[in-house]
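S.K.: Handing you this structure, nothing more for now.
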Amino acid sequence: MKLLPLILIAAGAVTAQSSRKDIPAIAKAANGTVVSILMSDKDGHVVAQGSGFLVSKDGLIVTNYHVIAEGSSAIVKLPDGATYVVDGMAASDKARDVAVVKAHGKNFLTLSLGNSDRLQIGEGVVAIGNPLSLESTVSNGIVSGIRTIEQKGGKFLQVTTPISPGSSGGPLFNMAGEVVGITTMYLEGGENLNFAIPINDAKPLLLTNSSRLQKLPDEHESVVSDESPAPISDELTAQTNAPAYQSFLALLKSEDLTFKVSTYVCFDDDPGSKTFMVIDARLLNKQTMMVMTQNFTSGVSNEPNGIFVGPLTPFSGEHGLFATLHTKIDYRDFPSHQTDSFEWGPEVLTMKAGFGELSPGQVRTTYEFNMQRSTGRYTERNDFQGVGSDAFTVTKTGKCARIPNTQTPEEAYRSLK
């Protein structure tokens, strides 16, 4: 069985039509809204082609993540021959293979989104895409099943509508002319076994997309210059005048080795804080991972630092890395740290540590750090357990950001042979 991705479709500001339409009417109404997406490498050579559809007048386009995953630049082409540069990515969900990119332009035609939860097996559907660069190819069929494929992240619409390479990311319409799915793959060797992602899975990306565009996944990080020593400053605007942030900038500009190899820097939300943390995560090989944490106060490293090492789990792969890493501290000198761990995942990072005596009646502190990788937001929690009933909790929040020109373990994993 070979899975070949297709392309998806999004929707926009056109008034939804509830009445049934015939196929020529659906195709005519969609004219000018389904685009070809051409991905190019840094030398300008086309490396991938797929489909997408316009969902906003200012150029938001829904497509499959895999369509835009390779290549450093992109253009979109309309059926009338007009081409537009892609400014960047507005939102994405790699697990569901959905991405929203923005074309440089305005006053685009858009599609109307339907409710994929209302689809019924046996209902008629129409797909429009650009298979093998044959633009605006129209095909029809029925919904033959609604399947849950856990390995692919959720529900899929099984349709008899023909899907071919190059159609990935194109729209699937109901017979009212509303987009109800994003064509995404077919099963090679299976007659009429084609699949689409329900459009309701893409709607949250359209609601939450930011005006600040992200680079396409294959683009390189910008180089740090003397004039802009910390391009992450836009992500940490609340901290730009904080003492901790200023000391981080000074160390970054001095090319301290710590910041040449580390992955994340984290600042708490207190504008007067003088302390920040650095997370250095790396692969020792394709089976083993190491994470080191280091705290700085007024630009000076605090000792001791955390060092965690362990194997990747069998679930790790191109889709993401998973590991529970245990501390390398010598328990003979620090017995309270014997339960310390760092959990690495594609969505969340969690660090746990203990301080103080383990024996009854002694002061004991447990520490937990949780960071959402998609937003960089984190929460730190310290639980103090004193003698008798004395106990209290201190919680802090903050923001982490990628350190410029450094590599994540995921990027290193993909580059290893």
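S.K.: Can you list the HN-Hα couplings for the stretch 71-77, worked out from phi with the Karplus curve (6.51, -1.76, 1.60; θ = phi - 60°), rounded to whole Hz and with x for Gly and Pro?
M.R.: Taking θ as phi minus 60°, the curve returns x, 9, 8, 8, 10, 10, 10 Hz for the stretch 71-77.
S.K.: Rounded to the nearest 20 Debye, what is the dipole magnitude of the stretch 56-148 about its Cα centre when Lys and Arg each give +1 and Asp and Glu each give -1 at the C-beta?
M.R.: Working: 8 positive and 9 negative charges, 24 e Å.
It comes to approximately 120 debye.
S.K.: Restricting everything to alpha-carbon atoms, can you work out Rg to Rh for the stretch 59-119 with a Kirkwood hydrodynamic radius? Walk me through the intermediate numbers first.
M.R.: Details: Rg = 12.9 Å, Rh = 12.9 Å.
Computed over Cα atoms, the ratio is 1.00.
Read-outs throughout are calculated quantities, based only on the coordinates presented, and are distinct from any laboratory measurement. This one's a predicted model, so the numbers in the text were calculated from it and none came from an experiment. With ideal geometry, Cβ positions are generated from the backbone for all residues, glycine too; neighbour counts draw on all protein chains shown.
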